Amino acid sequence: MQRRFLGLTAAVAALGMTAALAGCGTSSGSGDVTLKLVAADYDVAGGESSKAYWADLVAEFEKTNPGIKVDVQIESWNDVDRKVAEMVKAGKAPDVAQIGAYADYAAADKLYTADQLLSIPVQSNFLAPLVDAGEQKRVQYGLPFVASTRLLFYNKKLFNEAGIKDTPQTWDDLQADAVKLKEQTDAKYPFALPLGPEEAQAETMMWLLSGGEGYVDPVGNYSIGSKTNISTFNWLKTNLVDKELTGPVAPGKLNRKDAFAAFTRGEVGMLNGHPSLMQAAAKAGIDVGTVALPGRAGKAKSTMGVADWIMGFKQNGHRAEVGTFLDFVFSDKNVLDFADQNDLLPSTISASEAMEKDPKHKDLREFLRALPTSELPPVGKTSWAKVSENIKGNIGKAVEPGGSPAIVLERIGRAAATAESAE
């Protein structure tokens, strides 16, 4: 929400650590407390980077807060949400969880609100779209831990081979460039379109935004089956898929990780990507270009943003200690260290400003600039998990041979409305 503190400067935000000592995040002074933290493992290569990050952070925190200990449990992304859910169901909720979703716990009144935990400067330092996405019924429960945005990636070598001099700005440009890539290069995927079940909800949202709408209308109701969204998928099917510009694997069978891997092999001309792909492509020797997502007649309405969440559970009554810890977690140093380690974007204004000024992060500047005006999926809806799964399993059917975007989107839209009314 733009009414939030977008104009806050890094200097003001930095006061958070001082204010925390006198604010709601102070220690209760009732003796030693051990907080239980469950966090996700971001090291997809199977290393120890996430464990090392939290170990270092906790060691430093405990030095300056001798009455508070933190016990850290790291779980893979495949397991972390389930394990936290099992702990909560068993009456053994952690004090802090860093996971993929917060809405169900907020709806069940199991979480502290942001203003119950954080000092004012720390709470007001989050980027506005992330605050929006962390709210349920206009109250913030989810604290954005790390973020990313999406841009259109293209292979500069293949663009040169195809004689493409300018980056695509509109859908017509994108189609014309895909034709050139197909006819004049050996690209297997002129435009890779991953609508497979791994992350189809993200690819779908990018296209809906570039078409002028999205998953919800201005008042927050699901609008998946709207005329605008159906028109978007009609264009996608007719102008890219039916013209065989999306490669040898049917979009509904193509997962994001496979599309990204093909890009790093030099087989993809264009695709929608996130910051982590920059590093993987560079390691593979791919000369990458990025540009804002094209829209119908120009730049897309907005780009898609994504956030992972950290939250404080009420069960153990450690509000003050959790607040002190989370104020420390969101210091610029800790936020930047984690974002840098994982090639992702900071969730705070001051850390984003610092990253943009740092020459070593020049490749991320376009992503950073897109984040303050990005739009996130409706993660504050408790129905979103069901809706997202439905999209993952069915949206690919909309662009199949003989498929009907109208039938598929309207069906998903009706199911979304039913899921929302049942909550």
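Mind giving me the nanometre distance, one decimal, between the label points for Thr34 and Glu183, set 7 Å out from Cα along Cα→Cβ?
It is 6.9 nm.
Expressed as an acute angle from 0 to 90° and rounded to the nearest 10, what is the orientation of the C-alpha long axis of helix 171-184 relative to the principal long axis of the chain?
60 degrees
Counting heavy atoms of the protein chains only and a 1.4 Å probe, report the per residue accessible area for segment 133-188 as a whole number of Å².
On the way: 2520 Å² over 56 residues.
Per residue, segment 133-188 has 45 Å² of solvent-accessible surface.
Between Ser231 and Glu389, what is the FRET efficiency for a Förster distance of 22 Å, r being their Cβ-Cβ separation, to the nearest 0.05?
Numbers: r = 25 Å, r/R0 = 1.13.
Efficiency computed from Cβ-Cβ geometry: 0.30.
In Å, what Kirkwood hydrodynamic radius results for the chain from the alpha-carbon pair distances? Before the final figure, lay out each step's value.
Values: mean 1/r = 0.0447 Å⁻¹.
Averaging 1/r across every pair of different Cα atoms and inverting gives 22.4 Å.
In the chain, what % of DSSP beta bridges are antiparallel (nearest 5)? Could the numbers behind the result be given before it?
Values: 25 of 41 bridges.
DSSP beta bridges in the chain are roughly 60 percent antiparallel.
With a cut-off of 16 Å, note down the residues of segment 371-412 whose backbone N falls inside the zone around a label point 7 Å from the Cα of Glu244 toward its beta carbon.
401-402
Rolling a 1.4 Å sphere over the protein heavy atoms, what is the accessible area per residue of segment 220-319, to the nearest Å²? Working shown, then result.
Numbers: 4000 Å² over 100 residues.
With the other protein chains kept in place, segment 220-319 gives 40 Å² per residue.
Highest mean first, how do 307-317, 219-229 rank when packing is the count of other Cβ atoms within 10 Å averaged over residues? Intermediate results must be reported in sequence, preceding the final value.
Values: 307-317: 20.8, 219-229: 17.3.
In descending order of packing, they fall as 307-317, 219-229.
What's the carbon and sulfur percent of the chain's accessible surface, probe 1.4 angstrom, rounded to a whole number? Show your work: numbers first, answer last.
Values: 9090 of 17820 Å².
Roughly 51 percent of what the probe reaches on the chain is carbon or sulfur.
When the chain is fully extended, how far beyond the present Cα-Cα distance does Glu366 get from Ala176, taking 0.36 nm per residue of separation?
Numbers: separation 190, 0.36 × 190 = 68.40 nm, distance 2.41 nm.
Stretched out fully, the Glu366 to Ala176 stretch lengthens by 66.0 nm.
May I ask you to derive the FRET efficiency for Ala107 and Ala282 from their Cβ-Cβ distance with R0 = 51 Å, giving the value to the nearest 0.05? Don't jump to the answer; show the numbers that get you there.
Details: r = 42 Å, r/R0 = 0.82.
Efficiency, from the Cβ-Cβ distance: 0.75.
Calculate the FRET efficiency for Lys63 and Arg265 from the Cβ-Cβ distance with a Förster distance of 45 Å, rounded to the nearest 0.05. Intermediate results must be reported in sequence, preceding the final value.
Values: r = 46 Å, r/R0 = 1.03.
E between Lys63 and Arg265, to the nearest 0.05, is 0.45.
Find how much the distance from Lys157 to Ala52 grows on full extension, using 0.36 nm per residue of separation minus their present alpha carbon separation; answer in nm with one decimal. Don't skip to the answer; put the middle values down first.
Working: separation 105, 0.36 × 105 = 37.80 nm, distance 3.77 nm.
That works out to 34.0 nm of additional length.
Taking the Cα atoms only, what angle lies between the long axis of helix 332-342 and the longest principal axis of the chain, rounded to 10 degrees?
Result, in degrees: 40.
Rounding to the nearest 10 and keeping the result within 0 to 90°, find how far the Cα-based axis of helix 200-210 lies from the longest principal axis of the chain.
70 degrees
Taking the convex hull of the Cα atoms, report for segment 269-339 its projected area averaged over all directions, in nm². Before the final figure, lay out each step's value.
Working: hull surface 32.7 nm².
Approximately 8.2 nm², given one-decimal rounding.
The values are calculated or read from the model by the stated rules, or taken from the named source; none is laboratory data. This one's a predicted model, so the numbers in the text were calculated from it and none came from an experiment. Note that we place each Cβ from the backbone using ideal geometry, even for glycine, and neighbour counts take in every protein chain shown. In case anyone asks, the SASA skips ligands and DNA or RNA and just uses the protein heavy atoms, side chains included. Shrake-Rupley method; radii C 1.70, N 1.55, O 1.52, S 1.80 Å.
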